[in-house]
Every structure is written in C-alpha cells, then in structure tokens.
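Undergrad: One structure, as structure tokens, below. Some questions next.
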Amino acid sequence: MTENGDKTAKSGLMRRLFRGSAAAPADPPAAGASPPIEPAPGPETSAASPQAAEGAPPEPKKQWFQRLKSGLSRSSGAIGRGVADIFTKRKLDAESLDDLEDVLIQADLGLAAATRIREAIGRGRYEKGVDPDSVRAILADEVERALEPVARPLVVDPTKRPFVILVVGVNGSGKTTTIGKLAATLRGEGKTVVIAAGDTFRAAAIEQARVWARRTGSDLVEREQGADAAGLAFDAVTRARALNADVVLMDTAGRLQNRTELMSELEKIIRVMKKVDPEAPHAVLLVLDATVGQNALSQVEIFGRVAGVTGLVMTKLDGTARGGILVAIADRFAMPVHFIGVGEGVDDLEPFAARDFAEAIAGIERTGADQ
Ligand SMILES: Nc1nc2c(ncn2[C@@H]2O[C@H](COP(=O)(O)OP(=O)(O)OP(=O)(O)O)[C@@H](O)[C@H]2O)c(=O)[nH]1
Ligand SMILES: [Mg+2]
C-alpha cells in the first residue's frame with residue numbers, strides 16, 4: 001500500500017470528492033474499535049498513514065493526474081502503441097482506420113465508440129498523412145464527449161440522516177476497500193460514519209470492515225459470521241439513526257450477477273432497510289473491477305435491475321489494459337460514474353473526471369501547471 005499523507009493534496013481531494021463543505025481536519029481519530037463516533041478526524045493522521053503517525057517525512061506524492069496516468073498506463077500503452085504503429089508513415093485510409101478500430105475494440109471501448117472515433121479521425125483527412133499526436137488528441141476529445149455526461153459526484157444529501165449508501169458488486173471487485181476509502185474521505189470532511197459489516201459470510205470480511213472502521217474512526221455495526229445480512233442492515237440503519245450519524249456505508253458479500261438466490265438476498269437487504277427508513281438506501285454503488293472487461297456490462301445491467309444501482313465505482317484501472325470499458329458502459333447505460341480506483345491505497349480513489357480520464361487513456365502529456 002502506498003498511503004503517504006500529504007495534507008495539502010489530500011484536503012484538496014476531500015473538497016473535490018464530495019460536494020459541500022470540507023471541515024479542516026485537526027485531531028487524530030480515536031484508536032479504539034467502534035467508539036461512539038466523534039467529529040472530524042484527520043485522514044492524514046489515521047492508521048491508514050502509518051508514516052505520518054510515526055513522524056517520518058512523507059514521500060512527495062504524485063499529483064492525481066500523474067497517478068491516474070500511471071494507473072492507466074497499461075490501457076494507454078496498448079492504445080498508444082497501436083496508434084503509433086498505424087499512423088507512423090502511413091496514409092489515413094480505410095485500412096489504417098480499420099486497424100485503429102481493432103485497437104480500440106481490443107481496449108474494450110466498444111463498437112459504438114470505436115466507430116465514432118474512427119469517423120472523427122477520418123473526417124476531412126482521407127488520403128492525407130496524420131500524425132499520432134493528432135490522432136491521440138481526437139481520441140481524447142471523443143472519449144471525453146462520451147464520459148462527460150456520466151461523470152457525476154456522489155452527493156451526500158445532508159437532509160437525509162443517515163444517508164445510507166449500499167455497496168454491491170461481484171466477488172473481489174473492491175467493495176470493502178472502496179468503503180474504507182470512502183469512510184476516510186467522509187471522516188476527513190467531518191462527517192460521522194457507520195460502517196455495516198454486511199459481508200457476514202466470511203469472518204475475514206468482518207475483520208476487514210473492523211479494520212477500516214478503526215482506521216477511519218467510524219462506528220462499526222457487525223453480527224456474528226453467518227448472520228442474516230438483512231438483519232444487519234436493519235441494525236446498522238437503526239444504530240446510525242440513534243447516533244444521529246451522517247452516513248451509513250453498508251458492505252455486502254460479493255455475488256455473481258447470475259446467481260439468482262444471492263441476488264434476491266440483495267433485494268431483501270433493501271426491503272429491510274426500508275422498514276427503518278422508507279427512502280433508504282439513498283445511494284446504491286456498484287463497484288466494478290475494470291479487469292473483467294466486457295463482463296462489466298452484464299454486471300451493470302443485472303445489478304442495476306435487481307438492486308437499483310444509482311452510481312458506479314470502477315476499481316483496479318491500474319491493473320488492466322481494458323480501461324476503455326468505462327466508455328462502453330457510458331455509451332450503453334448512461335449511469336453516473338462517481339469514482340475510479342487506481343490502486344489499493346487510501347488515496348487511490350478519486351472523483352471521476354471525464355477530461356482527466358480521456359487524456360490519461362489517450363496518453364496525452366501534460367506539462368507544469370496543467371497536471
Ligand atoms: N490494484 C488495485 N487493487 C484494488 C483496487 N481496489 C481494490 N483493490 C484490491 O482488490 C482486492 C479485493 O478488494 P476487496 O475490497 O476486498 O473486494 P470486495 O469486493 O470487498 O471482495 P469480496 O468481499 O470478496 O467480494 C484487495 O486486494 C484490494 O486491495 C484498485 O483500485 N486497484
Ligand atoms: Mg468485501
């Protein structure tokens with residue numbers, strides 16, 4: 001994990017992560033497990049930043065765009081090499097455009113986007129030379145155009161107390177880690193958070209939630225292994241209400257979207273939450289692992305239908321050459337994308353910004369102040 005504390009960059013991140021005020025964090029969080037929740041611990045002083053806690057000088061942290069860019073380097077490398085191979089010393093003709101389309105489809109951007117990009121690059125340039133940099137610039141513009149409508153922040157409505165966020169997804173997609181990262185962010189804003197250890201199948205999953213709660217100074221609601229997850233959801237919303245907490249982050253066990261019985265358990269969790277608060281859950285985040293490529297489309301479709309997904313988080317963009325899948329998802333579902341993850345560290349989750357992503361995946365260099 002690379003979890004260096006950098007107060008300036010981090011508080012900037014906090015402000016951008018969620019709309020609304022970001023209280024300047026001051027004091028370290030209480031170290032005990034599940035204390036009554038206290039206001040505003042500093043994320044840089046949490047256990048997620050062991051170096052800061054020990055007083056070691058933090059390493060200079062890369063700017064977010066640089067981290068995004070290195071995170072997306074496998075995707076942008078595949079696209080960039082393809083573009084360079086095709087458009088260095090070759091005319092722009094039907095054949096070279098076919099080759100480009102193949103590269104884009106292999107990077108999982110989907111046929112619709114690949115066709116649009118092909119047309120945008122071909123427009124007015126047929127039988128002329130075109131340099132790879134111009135191709136990259138047009139590619140970035142088209143990717144931005146596709147993503148701009150879905151790049152939406154997660155808005156925690158302060159009038160809904162607690163604001164209940166249910167986190168769903170297939171096994172290993174990054175749900176629990178995302179909850180930890182979100183808890184750190186919300187706590188950094190001075191919000192009080194209840195984490196519900198809703199993956200009751202595995203003892204290790206309950207422990208993982210416990211660790212994140214301790215690290216972030218969040219309250220934890222848990223039940224014994226094997227307990228009913230819907231009952232736990234009831235406990236969590238009830239407790240958050242009693243504590244007057246701002247946010248509930250409800251973890252769930254990973255489940256494959258084609259396992260009907262597991263999917264209906266999600267419906268039950270939602271039904272039971274509504275017994276405490278008819279408007280809950282206020283947000284349902286589907287966490288998608290970018291490395292699965294095209295299967296993500298079926299996950300969005302089925303989780304969307306069963307669990308009423310309101311927004312997406314895409315993780316592990318750092319581990320794949322298939323980052324273009326986000327464009328295919330945007331084209332097909334027009335569902336808000338709130339965050340993307342490019343690493344396992346607490347800092348490696350950022351609000352999704354269309355232009356940044358487009359430039360990073362197209363391999364565009366930025367200089368100085370632009371970064
Ligand atoms: N490289 C990388 N790894 C990530 C990212 N997000 C999560 N991970 C890792 O992915 C693995 C699975 O993450 P979890 O958060 O446990 O996933 P989960 O969806 O809760 O898994 P289950 O509870 O088993 O369904 C862990 O090793 C995480 O550290 C990311 O953005 N990039
Ligand atoms: Mg988990």
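The values are calculated or read from the model by the stated rules, or taken from the named source; none is laboratory data. Just so we're clear, the structure is a prediction, and the values are computed from it rather than from any experiment. Cβ atoms come from the backbone with ideal geometry, glycine included; neighbour counts cover every protein chain shown.
Undergrad: When only residues in region 187-206 that are in a helix (DSSP H, G or I) and surrounded by fewer than 24 Cβ atoms within 10 Å (Cβ to Cβ) count, which is farthest from ligand 2 (Cβ to nearest atom)?
TA: Looking only at region 187-206, we keep the residues that are in a helix (DSSP H, G or I), and these are 187-188, 203-206.
Cutting the leftovers down to surrounded by fewer than 24 Cβ atoms within 10 Å (Cβ to Cβ) gives us 203-206.
Details: ALA203: 12, ALA204: 9, ALA205: 5, ILE206: 10 Å.
If we take residues in region 187-206 being in a helix (DSSP H, G or I) and surrounded by fewer than 24 Cβ atoms within 10 Å (Cβ to Cβ), then ALA203 is farthest from ligand 2 (Cβ to nearest atom).
Undergrad: Go over the candidates SER75, SER96 one by one and state the one that is polar (S, T, N, Q) and farther than 28 Å from ILE340 by Cβ. It would help to see each step written out before you state the result.
TA: Values: SER75 fails: farther than 28 Å from ILE340 by Cβ.
When all the criteria are applied, what remains is SER96.
Undergrad: Sticking with this structure for a sec: Considering each residue of region 310-332, count those that are free of Cβ contacts under 8 Å to residues at least 60 places away in the same chain and touching a Gly at 6+ places or on another chain (Cβ under 8 Å), and give that number.
TA: 1
Undergrad: For region 347-358, does any single residue satisfy the condition of being within 16 Å of ligand 2 (Cβ to nearest atom), surrounded by 21 or more Cβ atoms within 10 Å (Cβ to Cβ) and under 18 Å from ARG152 (Cβ atoms)? Don't jump to the end; show me each part of the working.
TA: Initially, region 347-358 is screened for residues within 16 Å of ligand 2 (Cβ to nearest atom), giving 349.
Adding the requirement that they be surrounded by 21 or more Cβ atoms within 10 Å (Cβ to Cβ) leaves 349.
Adding the requirement that they be under 18 Å from ARG152 (Cβ atoms) leaves 349.
Yes, there is a match, as at least one residue in region 347-358 is within 16 Å of ligand 2 (Cβ to nearest atom), surrounded by 21 or more Cβ atoms within 10 Å (Cβ to Cβ) and under 18 Å from ARG152 (Cβ atoms).
Undergrad: Does LEU312 fit the bill of being within 16 Å of ligand 1 (Cβ to nearest atom), assigned to a strand (DSSP E or B) and under 19 Å from THR260 (Cα atoms)?
TA: Working: within 16 Å of ligand 1 (Cβ to nearest atom): yes; assigned to a strand (DSSP E or B): yes; under 19 Å from THR260 (Cα atoms): no.
So LEU312 fails the test.
Undergrad: Being among the hydrophobic types (A, V, I, L, M, F, W, C), within 15 Å of ligand 2 (Cβ to nearest atom) and either modelled with pLDDT of 95 or more or out of contact with any strand residue (DSSP E or B) (no Cβ under 6 Å at 6 or more places or on another chain) (or both) narrows it down to one of VAL272, VAL313, VAL306, so name that one. Show your work before the answer.
TA: Details: VAL272 fails: within 15 Å of ligand 2 (Cβ to nearest atom); VAL306 fails: within 15 Å of ligand 2 (Cβ to nearest atom).
So the residue among VAL272, VAL313, VAL306 that is among the hydrophobic types (A, V, I, L, M, F, W, C), within 15 Å of ligand 2 (Cβ to nearest atom) and either modelled with pLDDT of 95 or more or out of contact with any strand residue (DSSP E or B) (no Cβ under 6 Å at 6 or more places or on another chain) (or both) is VAL313.
Undergrad: Another question about this same structure. Just one of (1) modelled with pLDDT under 95; (2) acidic (Asp, Glu); (3) within 14 Å of ligand 2 (Cβ to nearest atom) trips up GLU265, so point out which.
TA: (3)
Undergrad: Kindly list, by first and then second residue, each pair from a residue in region 296-308 that is in contact (Cβ under 8 Å) with a residue 24 or more places away in the chain to a residue that is part of a helix (DSSP H, G or I) and loosely packed, with under 15 Cβ neighbours inside 10 Å, limited to pairs with Cβ atoms under 8 Å and residues at least 6 apart or on different chains.
TA: What qualifies is LEU297/ARG332; VAL300/ARG332; VAL306/SER264; VAL306/GLU267; ALA307/GLU267.
Undergrad: Quick one: which of THR178, THR192 is over 16 Å from LEU232 (Cα atoms) and either basic (Lys, Arg) or within 20 Å of the chain's Cα centre (by Cα) (or both)? Steps first, answer last, please.
TA: Numbers: THR192 fails: either basic (Lys, Arg) or within 20 Å of the chain's Cα centre (by Cα) (or both).
Going through THR178, THR192 in turn, just one is over 16 Å from LEU232 (Cα atoms) and either basic (Lys, Arg) or within 20 Å of the chain's Cα centre (by Cα) (or both): THR178.
Undergrad: Filter region 290-309 for residues that are touching a Gly at 6+ places or on another chain (Cβ under 9 Å) and within 14 Å of ligand 1 (Cβ to nearest atom); which is farthest from GLY71 (Cα to Cα)?
TA: PHE303
Undergrad: Do the conditions hold for ALA209, that is, is it assigned to a helix (DSSP H, G or I), surrounded by 18 or more Cβ atoms within 10 Å (Cβ to Cβ) and either touching a strand residue (DSSP E or B) at 6+ places or on another chain (Cβ under 6 Å) or at pLDDT 95 or above (or both)? Lay out the reasoning, then the answer.
TA: On the way: assigned to a helix (DSSP H, G or I): yes; surrounded by 18 or more Cβ atoms within 10 Å (Cβ to Cβ): yes; either touching a strand residue (DSSP E or B) at 6+ places or on another chain (Cβ under 6 Å) or at pLDDT 95 or above (or both): yes.
Here the answer is yes, as ALA209 does meet what is asked.
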